[in-house]
Ligand code: BGC
């Protein structure tokens, strides 16, 4: 089966008119538990931070204290004009021990869903965003022989969180990055590019499918998973290498999403591969606080690749953003990314929404330095300050149109 054809729009658009988005388009911002909640002490990441890993500059500590302050986070997004909020559940809070599920924590996340609705925000709930309970990490993490059973059991336990008023559920955030972070033996031509572990990749596909089965008991839920797209571009002579890299790290996971209700596209920058491996970011290119090339069109590449490889599964942009201290660059980047998204809509691709990463300046897996937020967070007082980019994205959402 080929992807559905991409009809061209018949009505010509004048160059000055704003780019309009489909009715019911989701406009939102995303976060993840470990990066914002604070004191996630039962997680594998907390243990890693505590051990003093040399790759970790900062410990997460109190993070943004969103475990307590989430109503304020949601209010700021809603007041700006956004209509959606993506957040994740912390498995290790809900199941801190193999045979113990905390009702109080399940209630906590249910209150988050209710608070979304009080603010007119459509919740997008991620079941797993990188962190696992310490007890599971001690037993091999995703290599545990019963990994799929364990996650299915967790998914059953959290059904009260999503059983009412939740349409969008993401089973696993970036399985492709999880599969690469668990591989240790990757060397050779691909240099420091992430390379996935095939065994863990297969396990994650099974975990995803089992979780979707459990979620299918709630008719209203639409489930999918969210893939880190890489906008892989081959230079002459690099085609074979680019293809094999792209297949293992991205395409395999998109193909596994065929038949899902939706697929999440996450995009930040591009990867250029020449005959001898990945090309460094050109010296004269603008880079962000993560060292990545400023490349807003990455989103268009991610969307097209997802649409083609899933054979037409509806797309939700679950993350896209930039780490910068200059908020004018955040607005420019997001404008570029939304223009690329709109181009994909024009080509006939179904995109259901855009969730910016991130709502808050948060814990960027080892450091607080790369600031991705639409909202600044004072690290001592936790006082939130909306940035101009939040106002800009909220205005775009309210208009459901992007000024050119
Ligand atoms: C992850 C986020 C992360 C962001 C920026 C994505 O890979 O899902 O947790 O903060 O990229 O690095």
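Exposure proxy check: 111, 330, 222 ranked by fewest other beta carbons within 10 Å? Write down the numbers at each step before the final one.
On the way: 111 14, 330 26, 222 17.
Ranking 111, 330, 222 by Cβ neighbours within 10 Å, fewest first, gives 111, 222, 330.
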**Surface/4 estimate of mean projected area, convex hull on alpha-carbon atoms of the stretch 190-238, nm²** = 5.2
**Request:** Report the residue, chosen from 295, 100, 247, that carries the largest GNM mean-square fluctuation when the chain is represented by alpha-carbon nodes joined by springs under 10 Å.
**Result:** 100
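DSSP beta bridges in the stretch 20-396, what fraction antiparallel, as a percent rounded to 5? Please report the intermediate quantities before stating the final value.
Numbers: 8 of 44 bridges.
The antiparallel fraction comes to roughly 20 percent.
What length, rounded to one decimal in nm, is gained on full extension from residue 56 through to residue 209, with 0.36 nm per residue of separation minus their alpha-carbon distance? Working shown, then result.
Working: separation 153, 0.36 × 153 = 55.08 nm, distance 3.29 nm.
Stretched out fully, the residue 56 to residue 209 stretch lengthens by 51.8 nm.
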**Request:** Taking 7 Å along the Cα-to-C-beta vector as the label spot, tell me the residue 101-residue 117 distance in nanometres, rounded to one decimal.
**Result:** 2.0
**Request:** Rank 104, 228, 63 by mean-square fluctuation in a GNM of the chain with C-alpha springs under 10 angstrom and give only the top-ranked residue.
**Result:** 104
**Item:** Compactness of the stretch 58-177, expressed as Rg and Dmax over alpha-carbon positions, Å
**Value:** 15.0, 46
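Run through every distinct alpha carbon pair of the chain and return the Kirkwood hydrodynamic radius in angstroms, one decimal place.
On the way: mean 1/r = 0.0466 Å⁻¹.
The Cα-based Kirkwood calculation yields 21.5 Å.
Within 10 Å of each residue's Cβ, count the other Cβ atoms and sort 155, 41 from fewest upward.
Numbers: 155 25, 41 13.
So the ranking, lowest neighbour count to highest, is 41, 155.
Need one number: % antiparallel among DSSP beta bridges in the stretch 277-396, to the nearest 5.
Given both bridge residues lie in the stretch 277-396, the antiparallel proportion sits at roughly 50 percent.
Only Cα pairs under 8 Å and at least 6 apart count here; give the relative contact order of the chain as a rounded whole percent.
Values: 825 pairs, mean separation 85.3, N = 404.
It rounds to 21 percent for the chain.
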**Request:** Compare 43, 60, 17 in a GNM of the chain, Cα atoms joined below 10 Å, and give the one with the largest fluctuation.
**Result:** 17
**Asked** Based only on Cα atoms, what Rg/Rh ratio does the stretch 296-404 have, Rh being taken as Kirkwood's radius?
**Response** 1.01
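Going by how many other beta carbons lie within 10 Å of each one, how would you line up 36, 396, fewest first? It would help to have the intermediate numbers written out before the result.
On the way: 36 27, 396 23.
Ascending number of Cβ neighbours within 10 Å: 396, 36.
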**Request:** Figure the gain on full extension for residue 247 and residue 339 (residue separation times 0.36 nm, minus the Cα-Cα span) and round it to one decimal in nm.
**Result:** 30.5 nm
**Request:** Tell me the label-point distance for the pair residue 346, residue 286, using the 7 Å Cα-to-Cβ offset, in nm and rounded to one decimal.
**Result:** 2.1
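Read-outs throughout are calculated quantities, based only on the coordinates presented, and are distinct from any laboratory measurement. These numbers come from a predicted model, not from an experiment. We place every Cβ from the backbone using ideal geometry, glycine too, and count neighbours over all the protein chains shown.
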